[in-house]
Amino acid sequence: MIPFFWIIILFLLSFFAYFLKMLDLKGTLLSFFVGSIIVYFSNYEFLLILILFFILSTGIPKLKEISKKNGWEKRGWQSVLSKGIVPVVIAIIPLSYSMKIYLYTVAVASATADTLSGEMGRMSKKTYLITNLKRVKPGTDGAVSILGEIWALAGSFFISIFSFIFHNNIEFLIFTTIFGFTGSQFDSLFGAVFENKNIMNKFQVNLLAIVINTVFAYIIFV
């Protein structure tokens with residue numbers, strides 16, 4: 001059973017997310033469900049990593065938009081599902097604890113890196129399509145920039161270093177940081193190849209990138 005304490009924490013986080021207009025109602029309800037499933041099948045460490053992802057991926061971009069006095073588009077259920085379903089599956093499937101926390105951290109780091117690189121990279125004046133490095137407008141699907149890549153690496157590192165605190169394994173920190181960063185690169189690549197051609201939408205691209213990257217991390221680990 002889920003400890004009552006964590007139910008309260010999840011409820012409060014969901015409430016504030018909705019109150020601060022970070023998530024719409026469906027996104028809020030789904031995020032509460034995702035958090036509940038993860039803590040039920042794992043432990044508080046997994047939930048804390050997910051909470052850090054939420055703070056980084058919604059808080060930093062929201063502060064950017066507030067500082068620029070632009071509107072903030074609330075995240076919906078599709079955004080929550082595309083970046084939360086892989087961590088949920090990892091929490092549920094029977095794996096050794098070391099493998100499970102490794103893959104879980106990679107998946108969450110990938111989602112964080114992609115979100116921050118996409119949101120903060122829009123501020124760059126020079127952005128390039130990842131497939132051919134030609135100049136494109138900021139916000140173009142598959143576009144990358146120096147600023148965006150810095151934020152991608154930072155986002156991946158913040159998730160990895162937080163998880164590292166529980167394990168004190170330098171190899172764990174290095175590999176999860178690297179794979180979190182590569183997850184963002186997969187997302188940009190798939191965005192350029194599939195999203196630009198209307199073959200997939202951004203949520204499908206997000207999910208595909210996290211799945212491919214996590215499988216790749218698993219292959220390397222074993």
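The values are calculated or read from the model by the stated rules, or taken from the named source; none is laboratory data. For clarity, every value in this text was computed on a predicted model and none was experimentally measured. Because the Cβ atoms are built from the backbone with ideal geometry, glycine has one as well, and the counts that use them run over all protein chains shown. These area figures cover heavy atoms from the full protein model, side chains too; ligands, DNA and RNA do not enter into them. Shrake-Rupley method; radii C 1.70, N 1.55, O 1.52, S 1.80 Å.
Pairs of Cα atoms nearer than 8 Å and 6+ residues apart set the relative contact order; for the chain it is 20 percent.
The mean accessible area for residues of the chain, using a 1.4 Å probe and ignoring ligands and nucleic acids, is 52 Å² per residue. Here the accessible area of the chain is 71 percent carbon and sulfur, with a 1.4 angstrom probe and all protein chains present. Amide H contacts of ARG75: LEU23, ASP24, each under 5 Å away and 5 or more positions distant or on a separate chain (H built 1.01 Å from N in the peptide plane; Pro and chain starts excluded). Each peptide in 21-27, 117-123, 144-150 was scored by the mean count of other Cβ atoms within 10 Å over its residues; highest first, the order is 117-123, 144-150, 21-27. With R₀ fixed at 35 Å, the C-beta to C-beta distance from ARG135 to VAL222 puts the FRET efficiency at about 0.30.
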